[in-house]
Every structure is written in structure tokens, then in C-alpha cells.
Amino acid sequence: MHRRPEEIGSQPPLRYPPYKSNLWRAPSQALVTIPERLRDLAVPVYGYLPIVDTDNDLTRQHAGEPLGERIIVSGRVLDEDGRPVPNTLVELWQCNAAGRYRHARDTHPAPIDPNFGGAGRTITDAEGRYEFTTIKPGAYPWGNHPNAWRPAHIHFSLFGQSLASRLVTQMYFPSDPLCAYDPMFQSVADPRAQQRLVSSFDLDLTRPDWALGYRFDIVLRGRHSTPFEGRV
Ligand SMILES: [Fe+2]
């Protein structure tokens with residue numbers, strides 16, 4: 001399949017020294033090309049086992065409600081021509097409202113919320129649409145450099161129908177002053193592509209008396225592609 005290339009600077013490089021731990025993961029040897037016949041091989045992929053109705057509502061996965069600002073995050077998964085991509089497994093993970101992940105290696109002295117696990121998943125519908133209900137994640141310090149703080153963000157993973165189709169990215173929130181200081185956000189050189197990582201506040205998505213709404217469309221490839229981590 002012919003695919004139009006992304007514009008220069010619209011995707012983060014594999015090796016980006018200002019993001020220190022990235023250097024441990026960046027390839028140190030020449031990349032191996034997956035044969036085309038394997039790249040487009042349609043096979044069952046991880047994660048298609050039954051999805052239950054609380055999987056896309058992170059506020060209803062535990063006995064009580066999590067603390068924090070309840071939000072709805074919704075958007076469409078689109079191809080390079082703006083066509084919807086249905087049946088895409090969309091997974092997300094995030095820290096809680098205090099900026100703490102529920103993970104053994106997160107030792108940031110902020111409280112763990114017993115009612116918040118921080119992970120969800122759903123499948124896009126015929127219009128390519130997905131929706132999550134969650135709480136707004138907090139900023140957290142991460143030790144990359146002195147006084148380093150990650151902007152509030154939600155991690156996204158997308159799985160299509162083929163073996164090599166997984167894409168990973170992060171969603172940010174509008175007008176976050178920390179983005180200007182964040183090496184992960186800044187690893188995308190093109191400011192227009194940076195903005196494709198930023199959700200937009202959407203009053204139509206907001207549910208009155210319940211939750212604010214943020215829209216985040218994800219474009220899989222082409223000139224207006226969302227920046228993805230580790231894409232070659
Ligand atoms: Fe994170």
C-alpha cells in the first residue's frame with residue numbers, strides 16, 4: 001500500500017537526548033524491516049476479548065468514585081483522508097488527580113486513590129468514534145532534569161487489525177504551561193504537529209451538571225498524522 005509520508009518534524013525522533021530515559025530505549029543498531037506480507041497480515045490481536053461496559057468509564061471501576069475533576073474524552077480515529085477507522089481497539093492509561101500512577105515504581109509522594117485504577121479501553125464504532133469517562137490527571141515530577149514536571153496527559157494505544165499496527169501517543173490539555181518545558185512534548189519539532197497532541201475543550205461534549213468534555217481526534221497517518229511514539 002502506498003502511504004504519503006509525514007511532514008518533516010511532525011513525528012518525534014527515536015532518539016531525543018533531552019528526554020533522558022528515551023536513550024535507554026532508542027535503537028542502538030540498524031532497524032530490521034518487517035516484510036510487507038507480515039506487516040499487513042490480518043490476525044487476531046491482543047485485547048479483543050470481551051470488553052465490559054465499565055472498561056471505558058474509569059469512574060465506575062471500583063467500589064466508590066475517584067477523587068478529581070470528572071471529564072469525558074472523546075474523538076474519532078481517522079485515516080489520512082479523514083475517513084473513520086472503525087473496530088480500532090483504543091486503550092488509555094493515566095495517573096490520578098493527584099499525579100500518582102498506581103504502579104509499584106511510582107514513588108511520587110502524592111496519594112493513591114483506592115477508587116482509581118487509571119486504565120480503560122474501548123472499540124471505535126462505525127464512525128470511528130471512541131469515548132471515555134475519567135478524571136483529569138494531575139501533573140507529576142519525573143526527575144528528567146531539575147524541577148521537571150510532566151504536563152497533565154493521558155497515554156493512548158491504538159490497535160488495528162494487523163500484527164504491526166499498534167500506535168502509541170499522549171493527549172495533553174489546552175493551555176497547559178508545562179508543555180513548553182516538557183521534552184516529550186517538545187520532541188515533536190513542528191508546532192502544528194504539537195497541537196495535534198492537544199485536546200480541545202468542547203462544550204457540546206460536556207455533560208451538564210456532570211462532566212467537562214475534551215475532544216481528541218487521532219489521525220493514523222499522512223500529512224496531518226498525530227505524532228506517535230517510536231514510529232519509523
Ligand atoms: Fe505518564
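Average projected area of the Cα convex hull of the chain, in nm²?
Averaging across all directions leaves 13.8 nm² for the Cα convex hull.
Can you grab the distance from the C-alpha centre of the stretch 177-211 to the C-alpha centre of the stretch 66-101, Å, no decimals?
The stretch 177-211 and the stretch 66-101 have Cα centres spaced 12 Å from each other.
May I ask for log10 I(q)/I(0) of the stretch 85-150 at q = 0.29 Å⁻¹, from a Debye sum over the Cα atoms as equal point scatterers with solvent left out?
Taking Cα atoms of the stretch 85-150 as identical point scatterers yields -1.22.
How much length is gained if the chain between residue 104 and residue 21 is pulled fully straight, taking 0.36 nm per residue apart and subtracting their Cα-Cα distance, in nm to one decimal?
Additional length available on full extension: 28.1 nm.
Give me, ordered by chain and number, the residues 5 or more places off residue 97 or on other chains with an amide H under 5 Å from its own placed amide H.
Distant-sequence amide H within range of residue 97: 138.
Gaussian network model of the chain, Cα springs within a sub-10 Å range: biggest mean-square fluctuation belongs to which of 30, 126, 189?
Residue with maximal mean-square fluctuation among 30, 126, 189: 30.
What does the accessible area of residue 210 come to, in Å² to the nearest 10, when a probe of 1.4 Å is used?
Accessible area of residue 210: about 120 Å².
Taking every DSSP beta bridge with both residues inside the chain, roughly what % is antiparallel (nearest 5)?
80 percent
Relative contact order for the stretch 128-232 using alpha-carbon pairs under 8 Å, separation at least 6, rounded to a whole percent?
With pairs under 8 Å counted, the relative contact order is 19 percent.
Collect residues whose amide H, placed 1.01 Å from N in the peptide plane, falls under 5 Å from the amide H of residue 170; neighbours closer than 5 in sequence don't count.
156
Extending each Cα 7 Å along its Cβ direction at residue 30 and residue 149, get the distance between those two points in nm, one decimal.
Spacing of the two 7 Å Cα→Cβ label points: 4.6 nm.
Using amide H atoms built 1.01 Å from N in the peptide plane, name the residues 5+ places from residue 150, or on other chains, whose amide H lies under 5 Å from its own.
Amide H neighbours of residue 150: 140, 142.
Rounded to whole Hz and in sequence order, give me ³J(HN,Hα) for the stretch 196-203 from the Karplus expression 6.51 cos²θ - 1.76 cosθ + 1.60, θ = phi - 60°, writing x for Gly and Pro.
Couplings: 6, 8, 9, 5, 10, 5, 9, 4 Hz.
The values are calculated or read from the model by the stated rules, or taken from the named source; none is laboratory data. Everything numeric here is computed off the predicted structure, so don't read it as measured data. In this analysis, Cβ positions are derived from the backbone assuming ideal geometry, glycine residues included, and neighbour counts consider all displayed protein chains. Ligands, DNA and RNA are stripped out before the accessible areas are found, and what is left, the full protein with its side chains, is counted by its heavy atoms. Shrake-Rupley method; radii C 1.70, N 1.55, O 1.52, S 1.80 Å.
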